[in-house]
Amino acid sequence: MSPDKILFVDDEPMALKYFERLVSPLAPVITAASVEQGKAVLRERGGEIAVLVSDQRMPGAHGNELLRYAREFHPGIVRMLTTAYSELGEAIEAINSGEIYRYITKPWEMGSLHADLRNALELAELRNERDHLVREKLLVQQQQLLGSRLASLAMLGAGLAPGNSSAALQRYARAALAAGCSAPATPWHQWDHAGLLQAEAQRGIAIAQGLARWQAEFGDDRTPERAFALLAQALGAQAQGPSVHLPSAAPLTALLDAAPGELPQTAETAWLAWLLWWNAPVQVQAGGAAGEWIVQAAADAAEPALEPDWLERMIGQLAER
């Protein structure tokens with residue numbers, strides 16, 4: 001539901017009643033008698049509010065403090081200041097600092113007040129539509145980022161692991177999907193295309209270094225008891241024979257769902273490195289305790305066959321997250 005209400009803040013009871021009577025034909029009006037009350041309304045009902053109109057001169061905090069608060073925590077709300085003619089300097093300063101869209105002088109003239117508020121409501125609707133489109137675009141970009149990372153891991157695995165690494169990468173992708181891997185929360189306004197490519201390249205280099213280190217550290221002895229003991233030690237988990245109990249799903253998804261710019265720690269590359277090194281069927285499932293995941297050896301018959309288009313299908317499934 002799009003925000004459609006006007007919040008009016010003034011310490012004068014008559015002003016609150018008069019404003020509501022004048023403006024309610026345009027939109028539902030919520031009133032508050034102080035800056036603190038206005039902040040409380042924004043915290044509780046900010047998603048409903050399209051326009052905020054605040055008086056400047058009130059006991060305690062002034063209106064521009066409320067407008068700054070709204071700009072920080074509810075930037076989509078159109079902010080307006082109502083002042084007396086003697087306070088126009090403060091209103092102009094608020095406009096110049098980006099705190100408000102427009103000021104309304106007191107006493108109000110009904111035609112002018114309606115016109116200003118109508119324009120503000122239209123601007124709020126346009127902002128809401130823009131934000132909706134931006135959110136959809138960012139969601140697509142986040143989904144593409146997951147797929148791109150999985151493809152990069154496949155290339156790194158092929159270069160670092162002996163023999164055919166595709167089965168190990170498929171096991172990694174299946175485990176990540178089972179563990180609920182989702183698109184990383186990305187502040188896209190902080191990244192341009194070149195910056196994101198550089199950050200992801202640096203991330204890929206760090207992952208490659210971590211994978212190479214673990215391959216050397218694991219050694220040549222791949223007996224099940226030792227292999228699962230090594231995995232448990234690398235992940236800081238508990239080994240129970242040919243199985244490992246993880247306290248959370250984080251190690252299963254860390255290389256895919258971390259935010260851009262976050263370089264992986266060596267321990268975060270251990271799970272993929274171990275899969276490439278072990279290169280045998282494993283079963284990954286939720287454990288009995290809350291948040292627990294269990295990794296254990298599995299028979300070949302328990303694992304789906306590797307199909308030629310497995311990477312495309314996995315990327316598609318991740319993109320649906």
Output for segment 189-199, where each listed residue is of a type outside the set (Gly, Ala, Ser) and crowded, with 16+ Cβ neighbours inside 10 Å: TRP191, LEU196
Single residue of segment 284-316 satisfying the filter (in a helix (DSSP H, G or I) and within 20 Å of LEU272 (Cβ to Cβ)) that is modelled with the lowest pLDDT: ILE315
Number of positions in segment 1-39 that are loosely packed, with under 15 Cβ neighbours inside 10 Å, outside any loop (DSSP other than H, G, I, E, B) and within 25 Å of the chain's Cα centre (by Cα): 0
Any hit, segment 257-277, residues being in contact with a Cys (Cβ under 8 Å, 6 or more places away or on another chain) and either closer than 21 Å to ARG213 by Cβ or in the same structural domain as SER148 (by TED's automatic domain parsing) (or both): yes
Meets criteria (surrounded by 15 or more Cβ atoms within 10 Å (Cβ to Cβ), under 34 Å from the mean Cα position of the chain (by Cα), closer than 19 Å to VAL23 by Cβ and modelled with pLDDT under 90) for ARG79: no
Which listed residue, of ALA120, ALA115, is surrounded by 17 or more Cβ atoms within 10 Å (Cβ to Cβ) and either at pLDDT 90 or above or in a helix (DSSP H, G or I) (or both): ALA120
Which numbered condition GLY210 misses (of (1) at pLDDT below 90; (2) assigned to a helix (DSSP H, G or I); (3) buried (at least 16 other Cβ atoms within 10 Å of the Cβ)): (1)
Pairs with Cβ under 7 Å, 6+ apart, first in segment 281-301 and under 21 Å from ASN164 (Cα atoms), second surrounded by fewer than 16 Cβ atoms within 10 Å (Cβ to Cβ) and of a type in the set (D, E, K, R): PRO281/ASP300
LYS17 over 18 Å from THR105 (Cα atoms) and either without any contact (Cβ under 8 Å) to a residue 40 or more places away in the chain or out of contact with any Asp or Glu (no Cβ under 7 Å at 6 or more places or on another chain) (or both): no
Condition met for ASP192 (within 30 Å of GLN283 (Cβ to Cβ), out of contact with any Lys or Arg (no Cβ under 7 Å at 6 or more places or on another chain) and either among the acidic types (Asp, Glu) or at pLDDT 95 or above (or both)): no
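The values are calculated or read from the model by the stated rules, or taken from the named source; none is laboratory data. Small disclaimer: the values here were computed from a predicted structure and weren't measured. Every residue, glycine as well, gets a Cβ built from its backbone with ideal geometry; the counts of neighbours run over all protein chains shown.
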